1. Any residue that is within 11 Å of the chain's Cα centre (by Cα) and at negative phi - is there at least one of those in segment 97-109?
2. Within the set of pairs 6 or more residues apart or between chains, which connect a residue that is free of Cβ contacts under 8 Å to residues at least 24 places away in the same chain inside segment 75-90 to a residue that is surrounded by 15 or more Cβ atoms within 10 Å (Cβ to Cβ) with Cβ atoms less than 8 Å apart?
3. When only residues in segment 91-146 that are in contact (Cβ under 8 Å) with a residue 40 or more places away in the chain, outside any helix (DSSP H, G or I) and more than 23 Å from GLY49 (Cα to Cα) count, which is least open to solvent (accessible area, probe 1.4 Å)?
4. Which of the residues that make up segment 12-34 are of a type outside the set (S, T, N, Q) and farther than 13 Å from LYS87 by Cβ?
5. Go through segment 116-141 and give me each residue that's more than 28 Å from PHE4 (Cα to Cα) and not hydrophobic (A, V, I, L, M, F, W, C).
6. Identify all residues within segment 53-74 that are in a loop (DSSP other than H, G, I, E, B) and open to solvent by 80 Å² or more (accessible area, probe 1.4 Å); write none if there are none.
7. Can GLY65 be described as at pLDDT below 95 and in contact with a Lys or Arg (Cβ under 8 Å, 6 or more places away or on another chain)?
8. Taking the stated definitions as given, is LYS50 within 18 Å of ASP119 (Cβ to Cβ), open to solvent by 70 Å² or more (accessible area, probe 1.4 Å) and more than 17 Å from the chain's Cα centre (by Cα)?
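The values are calculated or read from the model by the stated rules, or taken from the named source; none is laboratory data. Model, not experiment: these values are computed from the prediction. We place every Cβ from the backbone using ideal geometry, glycine too, and count neighbours over all the protein chains shown. For accessibility, only protein heavy atoms count, side chains too; no ligands or nucleic acids. Shrake-Rupley method; radii C 1.70, N 1.55, O 1.52, S 1.80 Å.
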Amino acid sequence: MDLFKCLKYIKNNLDDFILTAIKNTSTDLEDVQRDQMQVGENAEGNIIGKLRSADYAKRKKAKGGIAKLGVVDLKNTGDFYDAIFAKVESKFIEISSSDFKTNLLEKKYGDIIFGLNDDYKKIYFEILVPEIIDLIRKYLKNGSRP
């Protein structure tokens, strides 16, 4: 294999390597999204919202809630969290939940409940970057394209 041609292919198809790596780590992306929600943060790094009832906030905290007291974490039964998915189509990445409450929660707190803020992007990138590198190594070693 001609190294120059290989490097040119990688440069011209870097998006494919990245999108394949995101597909390969989509369950990790979903986990990082859940972790962010558990602390009560949205895609902008702000709190998702405030709980209206102090008693409910105390009960959530007593059950082991990670978010600061009184901060919305979008978790009650766990069904919404369990239904979180990350899907890559073409050059579009969708993070959402297939739970029936999703539209309701987006209306109430905004569609920015989904998506990683800067701190959680860093966490996910620690998973994603090695996957991209591994895909490039495989291509250089045996020509396997993403």
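1. At the first step, the residues of segment 97-109 found to be within 11 Å of the chain's Cα centre (by Cα) are none.
Checked against the condition, which is being within 11 Å of the chain's Cα centre (by Cα) and at negative phi, segment 97-109 yields no hits at all.
2. ASP79/ASP99; ASP79/LYS101; ASP82/ASP99; ALA83/SER97; ALA83/ASP99; ALA83/THR102
3. Ranking the candidates gives GLY143 first.
4. Step one: list which residues in segment 12-34 are of a type outside the set (S, T, N, Q), which gives 14-19, 21-23, 28-32, 34.
Once the filter is applied, which keeps residues that are of a type outside the set (S, T, N, Q) and farther than 13 Å from LYS87 by Cβ, segment 12-34 yields LEU14, ASP15, ASP16, PHE17, ILE18, ALA21, ASP28, ASP31, VAL32, ARG34.
5. ASN117, ASP118, ASP119, TYR120, LYS121, LYS122, TYR124, GLU126
6. Within segment 53-74, the subset in a loop (DSSP other than H, G, I, E, B) is 53, 63-70, 72-74.
Of everything in segment 53-74, those that are in a loop (DSSP other than H, G, I, E, B) and open to solvent by 80 Å² or more (accessible area, probe 1.4 Å) turn out to be LYS63, ILE66, LYS68, LEU69.
7. Details: at pLDDT below 95: yes; in contact with a Lys or Arg (Cβ under 8 Å, 6 or more places away or on another chain): yes.
It is true that GLY65 is at pLDDT below 95 and in contact with a Lys or Arg (Cβ under 8 Å, 6 or more places away or on another chain).
8. Details: within 18 Å of ASP119 (Cβ to Cβ): no; open to solvent by 70 Å² or more (accessible area, probe 1.4 Å): yes; more than 17 Å from the chain's Cα centre (by Cα): yes.
No.
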